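Read-outs throughout are calculated quantities, based only on the coordinates presented, and are distinct from any laboratory measurement. If you're wondering where the values come from, they're calculated on a predicted model, not measured in any experiment. As a convention, Cβ positions derive from the backbone with ideal geometry for all residues, glycine included, and neighbour counts pool all protein chains shown.
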Amino acid sequence: MPELPSTLVPVPLRCCEMRRGAGIRFCGEIASHVRPGTGLRGDLFFCELHALPSDKAIPVGQVFELVRLEIVVELAGVTPGAAVSRSEAVAAVERALNRMGALVDVASVSSRQVRNVVHPPTRDEIRQSAVPR
Ligand SMILES: [Zn+2]
């Protein structure tokens with residue numbers, strides 16, 4: 001196997017158990033177990049709920065696919081002040097992404113005052129449109 005780069009900060013692996021329903025969905029919870037791959041298929045990772053008795057604990061040095069997303073997130077500030085709103089927004093996004101095992105590296109933060117030209121969705125409308133876990 002060729003020499004692979006290593007992560008400076010350990011990244012939690014995520015469960016690949018398929019979910020039933022429309023479209024392809026995976027469990028995605030933090031994995032604790034590995035099931036060795038066969039043939040062209042690589043090792044598979046499973047959370048406590050989806051692991052089989054024959055699965056092993058994930059060892060240090062386990063090879064996995066590290067996905068890097070470069071995204072733009074826009075979120076309403078919690079105060080009229082830019083500094084507090086920016087700090088709180090970064091913390092809120094980090095908390096949300098950390099819960100799913102993501103490491104967050106915020107490259108830049110900015111804000112500006114704007115106004116909506118139509119009424120934004122309500123909390124219930126947002127929850128109803130969210131993909132169920
Ligand atoms: Zn799972």
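What the table below lists for this structure:
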read-out	value
Rel. contact order, % - alpha carbon contacts under 8 angstrom, at least six apart, the chain	18 percent
Solitary cysteines of the chain, where the nearest other Cys Cβ is not under 4.7 Å	Cys16
FRET efficiency, 1/(1 + (r/R0)^6) with R0 22 Å, evaluated for Arg68 and Val109 via beta carbons	0.70
Potential lengthening between Ile24 and Ala130 on full extension [0.36 nm per residue; Cα-Cα distance subtracted]	36.6 nm
Over the chain: helical MRE at 222 nm, DSSP H runs n ≥ 4 each giving -39500 (n - 2.57), nearest 500	-6000 deg cm²/dmol
In Å, descending, principal axis extents of the Cα set of the chain	55, 36, 23
Within region 82-128: Cβ-based charge dipole about Cα centre, in debye rounded to nearest 20 (Lys, Arg +1; Asp, Glu -1)	100 debye
As computed over region 1-67, the Cα convex hull volume per residue (Å³)	122 Å³
Values of log10 I(q)/I(0), in the order q = 0.17, 0.18, 0.21 Å⁻¹, for region 82-128 under a Debye, Cα-only, solvent-free model	-0.75, -0.82, -0.96
Simple Cβ-charge dipole of the chain, Lys/Arg +1 and Asp/Glu -1, about Cα centre, in debye nearest 20	360 debye
